[in-house]
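Here is the structure we will look at.
The values are calculated or read from the model by the stated rules, or taken from the named source; none is laboratory data. Small disclaimer: the values here were computed from a predicted structure and weren't measured. All Cβ positions, glycine included, derive from the backbone under ideal geometry; neighbour counts span all protein chains shown. All accessible areas refer to the heavy atoms of the entire protein, side chains included, with ligands and DNA or RNA removed. Shrake-Rupley method; radii C 1.70, N 1.55, O 1.52, S 1.80 Å.
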Amino acid sequence: MTVTAAALTGLGFEVKAAAAAPLRIANAEEVTTICPYCGVGCGIVCHSVGGKVVNCEGDPDHPINEGTLCSKGASLYQVADNELRLTKVKYRAPGSDRWEEKSWDWAIEEIAKRVKQTRDETMVHREANGTIVNRTEGIAHLGSACIDNEEAYAASKLMRSLGVVYLDHCARL
Ligand code: SF4
């Protein structure tokens, strides 16, 4: 018994040898991958058991991050396994106090309809001095930290092709 354990016993605590908890990555399959979230490109080691991702952590052999990850990369396994993740469209109509479940087809059509209507109503073709600008002033786009590089690229191309000039990203990357 160590001096600390002896001291705790003297104070009335029951001291037992700690049982080794089984590792959640015991017998797991291990693969390396690249974080999909931003252009830093950190290396990640993912562990799976029976086809289910149980852990993701920074790859200590990767030259960019040397085992470290930001909080977003560290929570990557939740992309594969998260019972709280929404998988159906939820819509709350203007003025309503409740969410309705809608189909994906309905949501995509409704978004397209509203984007077109707003673009048509707010497109500016020329400045007052006659300079052609063709910009859409009624729409802004905020990129999400939850989309990956390729999705961000596609989103920015789509917005620029619509004439949207108010583009930003929550992480300003
Ligand atoms: S999101 Fe974080 S973990 Fe992923 S590549 Fe960027 S800095 Fe690295």
* Taking only C-alpha pairs under 8 Å that are 6+ residues apart, what is the relative contact order of region 86-152 in percent? -> 18 percent
* Starting from the amide H of Cys42, placed 1.01 Å from N in the peptide plane, find each other amide H under 5 Å away whose residue is 5 or more places distant or on another chain. => Cys35
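For the chain, what relative contact order do you get, as a whole percent, if you take Cα pairs closer than 8 Å and at least 6 residues apart?
Numbers: 214 pairs, mean separation 21.9, N = 173.
Relative contact order, the chain: 13 percent.
Calculate, for Thr33 and Ala154, the FRET efficiency according to 1/(1 + (r/R0)^6) with r their C-beta to C-beta distance and R0 25 Å; round to the nearest 0.05. Write out the running numbers ahead of the final one.
Details: r = 21 Å, r/R0 = 0.84.
Calculated value: 0.75.
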* **Estimated distance in nm for a label pair at Ile108 and His169, the labels positioned 7 Å out from Cα along Cα-to-Cβ** => 2.5 nm
* **Acute angle (nearest 10 degrees) that the helix 104-122 long axis makes with the longest principal axis of the chain, alpha-carbon atoms** => 50 degrees
* Given the protein chains as shown and a 1.4 Å probe, how many square angstrom of Asp97 are accessible, to the nearest 10? -> 140 Å²
* Applying 1/(1 + (r/R0)^6) with R0 = 45 Å to the Cβ-Cβ distance of Leu23 and Ile64, what FRET efficiency is obtained, to the nearest 0.05? -> 0.95
* **Probe 1.4 Å - accessible area at Thr122, Å² to nearest ten** => 40 Å²
* Structure fact -> The set of residues whose placed amide H lies less than 5 Å from the amide H of Tyr166, leaving out same-chain residues fewer than 5 positions away, is His141
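I need the semi-axes of the equivalent ellipsoid of region 32-172: take the C-alpha gyration tensor, multiply each eigenvalue by 5, square-root it, list largest first in whole angstrom.
On the way: eigenvalues 275, 110, 23 Å².
Listed largest to smallest, the semi-axes of region 32-172 are 37, 23, 11 Å.
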* Against the longest alpha carbon principal axis of the chain, how many degrees, from 0 to 90 and to the nearest 10, is the axis of helix 149-161 turned? -> 10 degrees
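Going by average Cβ density within 10 Å per residue, which order do the peptides 78-87, 107-116 take, highest to lowest? Before the final figure, lay out each step's value.
Details: 78-87: 9.1, 107-116: 11.7.
Highest-to-lowest ranking by the protection proxy: 107-116, 78-87.
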* Asked: When the accessible area of the chain is split by element with a 1.4 Å probe, what percent falls to carbon and sulfur?
  -> 55 percent
* Pairs of Lys in the chain closer than 29 Å at Cα, counting only those 8 or more apart or on different chains -> 19
* DSSP bridge orientation in region 85-173 - percent antiparallel, rounded to nearest 5 -> 55 percent
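Thinking of region 46-85 as a set of Cα atoms, what percent of all their pairs are more than 14 Å apart? Please report the intermediate quantities before stating the final value.
On the way: 394 of 780 pairs.
That fraction is 51 percent.
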